[in-house]
Amino acid sequence: MKLVLSLCSGIGLLDRAFKEAGFCVVSSGDIILGKHYDIRNFTGVKGKFDGVIGGPPCPDFSPLKRDRPVLEESYGFEMLMEYKRIVLECDPFWFLLENVSGVPNVKIDGYSHQRLDINQSWYENVTRLRHIQFGHKDNKYLQIERKIVTDRSHKLQSCALANDSRSFRELCRLQGLEDDFDLKSFNVQGKKRAVGNGVPLCIGRALAKAVTDLEEISVTQQDNKICACGCGRIVTHRGGYYDYSCRKRAQRNRNKFAVTDQQQIGA
């Protein structure tokens, strides 16, 4: 069984998906559960973990704030640096970081670097875009399984959000949680915020499966190119994009969420 460390776990939805896939997940906790779970007080242990997963706080990089410069001393940058610090301390085979699409590149010495986006609408009748960065010591890259939702008889639903006006129970269903799921120590707004900030279970499961599939790859993919639009597909021809639609998507993303060189969390 592979041992994985989870950072900035929230209420553990991404952890849950990896546990379902057979990983043993050790959580560092999250500050929403108490100040003694502050990631800044956590020290990684070298050689114990196969992988590190996590989603550092992302409000500073939200599309809603794209017109405001993000300062390097901001809380968002600090949390990315803490994530990077712990990965370096633990020295795992791979790391996976979940955030919003405007987040800077988090590049770490000794690891490949892959940016990709995954949408909840690939698996369910709900739209929610999540951004992933992945690094591997053997230059392996995630291949995300994309299912086709054929039943579009119902209008595509908006995703669960932290400040959502819908009921807690509705938000749980949108995230893939069972009807009796509860957070007994939280008030109603706290429950909705915690669930809305989580990674939908269908996305977590797709990520866990993609990581599991890497174990079956016996050779590195160092000569492969990943589509520059963020879809995660391998490009087998000349050029940086899988197809024309990917090129257009990348252009839209550049216009909406430009990431400057100064906003890169470099190696």
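What follows is calculated from the coordinates using simple rules that are stated; it is not laboratory data. Quantities reported herein were computed from a predicted structural model and do not represent experimental measurements. Don't worry about glycine lacking a Cβ; one is built from the backbone with ideal geometry, like all the others, and counts go over all protein chains shown.
Some observations on this one:
- Near Glu89, once Lys and Arg are set to +1 and Asp and Glu to -1 for all other residues with Cβ below 14 Å from its Cβ, the sum equals +2.
- Additional length obtainable on full extension of the chain from Tyr37 to Tyr244, 0.36 nm per residue less Cα span: 70.0 nm
- Rounded to the nearest 0.05, the FRET efficiency derived from the C-beta distance between Asp179 and Gln251 at R0 = 35 Å is 0.25.
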